[in-house]
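Visitor: First, the structure itself, so that you have it in front of you.
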Amino acid sequence: MIIGIGSGNPEHLTVQAVNALKTANVIFVTDKGNAAAELLQLRKAVCERYLASSSYRLVEFRDPERDRNSSSYLSAVEAWHQSRCTLYEELILHHLGENEYGAFLAWGDPSLYDSVLRVMQALSKKASLRLEFEVIPGISSMQVLAAQHRIPLNQIGEPVLLTTGRRLAEDIAAGTALDDDVLVMLDADCTFSRIADRETDIYWGAYLGMPGEILVSGKLHEVAERICQLRSEARAKRGWIMDTYLLRKPRAR
Ligand SMILES: C[S@@+](CC[C@H](N)C(=O)[O-])C[C@H]1O[C@@H](n2cnc3c(N)ncnc32)[C@H](O)[C@@H]1O
C-alpha cells in the first residue's frame, strides 16, 4: 500500500489511511538524512499515534539522491527512478513475507510530485515479485495552503496551473505569460521574486500544518523580499524547509 499521510499534521491522516496502516505488517519509512531528521520523526510519530507498537515492523531506509549536477534533468530523474526501483524491490524481498502487507508512507498525497507510484507501477510488472498495490490518498500541502490562508485554490470557473520552481523559472525566462493562477512546489530559489507584475498576489506557506508554520500573503511586489528573508532565516535555523505558494492575478468581475 502507498499511504498518503498528509504534509505534516498527524491529524490530517484520513480514517481510510489509519485503517490501512492497521492492516500493514511492515511499514517502510524514508530517512532523508540529518537535515530532515524531523521529517523521519514525524513519520514515526504517525505510526506511534495510531498503532500499537506490537502490530507492525518498522523499516527505515535512505532514499537515493538525484544527481543534481547532471546536465540533463530528465535523464538524472530516470536514473534516480531506476535506483529507487532497485532499492524498493530489495526492501520488499528482504522484509515482506509471503502474504504480508507492506505500507510505504507518502508525504502529502502520493500522486503529486512523488515518484513512488511510478516505482510501484514498474515493480508490479515484475512477475517474480507478484506485487499488487493500493493507493490511499492524503491531504496535500496545496490543500493545507488553501485552508490556512482561507482561500479557494481556483477563481470562479478558472484553471490553476500546478508546477515546480524549476518550470516557473523556465517560463519566466521564456517570457511565457503567467495568465492563470499558479501553484508552485519544490522551489528552493524564491523564483516568484523574478516576477515583475504588480497585480499578482502571493499566498505563501512554509512548514504547513506543522509547529513553526509560517504564512505570508499580499501583493507579490510588496512581500516578495520579506518572504525570501523569512525563508532563508527559517531554513538556517531549522536545517530544512518546505514551502509552497499560489500566485494569483485577481480577475476583474
Ligand atoms: C516532493 S514534493 C511532495 C508533495 C506532496 N506529495 C504533497 O502532496 O504535498 C515536496 C514539496 O511539497 C511542498 N510541501 C510538502 N509539504 C509541505 C509543507 N508541510 N509545507 C509547505 N510545503 C510543503 C513543498 O513545495 C515541497 O518542496
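Visitor: Can you run down the residue pairs with Cβ atoms below 8 Å, 6 or more apart or on separate chains, where the first is in region 112-133 and touching a residue at least 40 places away in the same chain (Cβ under 8 Å) and the partner is surrounded by 13 or more Cβ atoms within 10 Å (Cβ to Cβ) and in a loop (DSSP other than H, G, I, E, B)?
Guide: Close Cβ pairs satisfying both conditions: LEU112/SER140; TYR113/LEU186; VAL116/PRO110; LEU117/PRO110; LEU117/SER111; MET120/LEU131; MET120/PHE133; PHE133/MET1.
Visitor: Next up: Condition first: in contact (Cβ under 8 Å) with a residue 24 or more places away in the chain and either within 12 Å of the ligand (Cβ to nearest atom) or among the β-branched types (Val, Ile, Thr) (or both). Now tell me which residues in region 176-189 satisfy that.
Guide: VAL182, LEU183, VAL184, MET185, LEU186, ASP187, ASP189, listed by residue number.
Visitor: Filter region 68-84 for residues that are of a type in the set (A, V, I, L, M) and either exposed (fewer than 10 other Cβ atoms within 10 Å of the Cβ) or under 18 Å from LEU186 (Cβ atoms) (or both) and give the result. Step through it out loud before you land on a result.
Guide: Pass one, region 68-84, residues of a type in the set (A, V, I, L, M): 74, 76-77, 79.
Answer for region 68-84, where residues must be of a type in the set (A, V, I, L, M) and either exposed (fewer than 10 other Cβ atoms within 10 Å of the Cβ) or under 18 Å from LEU186 (Cβ atoms) (or both): LEU74, ALA76, VAL77.
Visitor: Any chance region 203-217 includes a residue that's in contact with an Asp or Glu (Cβ under 7 Å, 6 or more places away or on another chain) and in a loop (DSSP other than H, G, I, E, B)?
Guide: Checked against the condition, which is being in contact with an Asp or Glu (Cβ under 7 Å, 6 or more places away or on another chain) and in a loop (DSSP other than H, G, I, E, B), region 203-217 yields at least one hit.
Visitor: Test each condition in (1) under 22 Å from ALA147 (Cβ atoms); (2) within 12 Å of the ligand (Cβ to nearest atom); (3) surrounded by fewer than 18 Cβ atoms within 10 Å (Cβ to Cβ) for ALA206 and report the one that comes out false.
Guide: (3)
Visitor: Could you tell me whether ILE139 is within 13 Å of the ligand (Cβ to nearest atom), touching a Ser or Thr at 6+ places or on another chain (Cβ under 9 Å) and not in a helix (DSSP H, G or I)?
Guide: Here the answer is yes, as ILE139 does meet what is asked.
FYI, it's all coordinate maths here, none of it is from the lab. Bear in mind the structure is a predicted one, so any value in this text is a computation, not a measurement. Positions of Cβ are generated from backbone atoms using ideal geometry, with glycine treated the same way; all protein chains shown enter the neighbour counts.
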